[in-house]
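One structure is given here, and the rest of the page talks about it.
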Ligand code: GAF
């Protein structure tokens, strides 16, 4: 079998040149500003953000680059090296944008709603975050555009404002009822750390993650099963969680205990809530395990998280289950599906010397099952969004 397919993050200097060249070719002028924003992979804490819970993601080295040039009129043109359909309209049309461009248009619209005077502009995006793989290509697009747009508006970058605007872009313009983890980590992550975010207090902090020092790597496997958060499954899970909290008379499941969850009468709603409450507990345990360097404990938490999502939250799929089971059989310390689910990616904690063997084992298992060939990438915890140059 040939060696496994790994998606490279790309060389930042080369990506900058590529986005500048693509911009010049699309608009016959060089961009004024380029910003970049990373995708993310979540270590643990799934479907907890919109329940005011805890999450523990890392930023990927894979990022989206947004090149912009202001215009003197109110027109906005949006193009991508990775997407076929460019979009053009006026500042007044941004809120009604549909398709992939809605994430970019929505970010500009939401910044303007927040009182930031973003002018008409030409925009071109280019990057290496795999699309539709559950690795937050949407948040990378929104955040890269928002950071670039703030520079054009000549305002100091306020990361909280950008996060809030990008969440509005995703929920109100793109129509994906997501919870805010992806935009927050894209804007606040640090290199060599995971980001512990508390969606009740709104606070976050770095959890240092020296994987290389421990001889470990995070292997992410894109199952290539399509994953779209605007489809109904994500929203249905969110509705079940809201129903559970409402029946318990609580503002959110963050405030629920396992004993309270056990009193819920509807089996499906009870299992959804059981996942959320147990998963929030696993994030706390995972932070303690990472801080203690207890990687076996982290692996065990990955395993329990996956079972909870597979059996109680019901957001896994045969490809994710096979990737997870095969990774562990081939030497991963732990593995789980990651992100919104219904396809997308798995994450495996793997001794560096086993990475290639684990990836190959997954490839072989997928071929034997008749599944599409997966793609893999490595996820050294990387830095947040910012201007480039
Ligand atoms: C997606 C959403 F965008 C996040 O807000 C989060 O809910 C995640 O799924 C599941 O943990 O990435």
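Tabulated data
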quantity	calculated
Pairs where the first residue, in region 120-138, is free of Cβ contacts under 8 Å to residues at least 60 places away in the same chain and the second is within 13 Å of the ligand (Cβ to nearest atom), C-beta under 7 Å, 6+ apart	131/137
Among residues of region 254-270, those that are surrounded by fewer than 15 Cβ atoms within 10 Å (Cβ to Cβ) and in a helix (DSSP H, G or I), counted	5
Test for residue 210: is it more than 14 Å from the ligand (Cβ to nearest atom) and over 22 Å from residue 53 (Cα atoms)	yes
Test for residue 246: is it free of Cβ contacts under 8 Å to residues at least 24 places away in the same chain and not in a loop (DSSP other than H, G, I, E, B)	yes
One residue from 135, 152 being more than 13 Å from the ligand (Cβ to nearest atom) and not assigned by TED's automatic domain parsing to the domain that holds residue 238	152
Residues that are within 15 Å of residue 19 (Cα to Cα) and part of a strand (DSSP E or B), drawn from region 78-90	78, 79, 80
Filter result for the condition that a residue is crowded, with 23+ Cβ neighbours inside 10 Å and farther than 27 Å from residue 318 by Cα, over 193, 245, 174, 212	174
Residue tally, condition without any contact (Cβ under 8 Å) to a residue 40 or more places away in the chain and surrounded by 15 or more Cβ atoms within 10 Å (Cβ to Cβ), over region 84-99	4
Residue match in region 68-78 (condition: touching a residue at least 40 places away in the same chain (Cβ under 8 Å), in contact with a helix residue (DSSP H, G or I) (Cβ under 9 Å, 6 or more places away or on another chain), under 29 Å from residue 235 (Cα atoms) and away from the ligand (no atom under 16 Å from the Cβ))	yes
Test: residue in region 178-198 that is part of a loop (DSSP other than H, G, I, E, B), within 13 Å of the chain's Cα centre (by Cα) and either more than 14 Å from the ligand (Cβ to nearest atom) or assigned by TED's automatic domain parsing to the domain that holds residue 293 (or both)	yes
Matching residues, region 101-132, being surrounded by fewer than 24 Cβ atoms within 10 Å (Cβ to Cβ) and within 13 Å of the ligand (Cβ to nearest atom)	132
Check on residue 34, within 15 Å of the ligand (Cβ to nearest atom), assigned to a strand (DSSP E or B) and either under 25 Å from residue 348 (Cα atoms) or under 23 Å from the mean Cα position of the chain (by Cα) (or both)	no
Residue 168 vs. criteria outside the structural domain of residue 106 (by TED's automatic domain parsing), touching a residue at least 60 places away in the same chain (Cβ under 8 Å), within 15 Å of the ligand (Cβ to nearest atom) and part of a helix (DSSP H, G or I)	no
Scope region 110-140; condition over 17 Å from residue 16 (Cβ atoms) and in a helix (DSSP H, G or I); matching residues	110, 111, 112, 113, 137, 138, 139
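The values are calculated or read from the model by the stated rules, or taken from the named source; none is laboratory data. Worth saying up front: this structure is predicted, and the values here are computed from it rather than measured. So basically every Cβ, Gly included, is an ideal-geometry build from the backbone, and we count neighbours across all protein chains shown.
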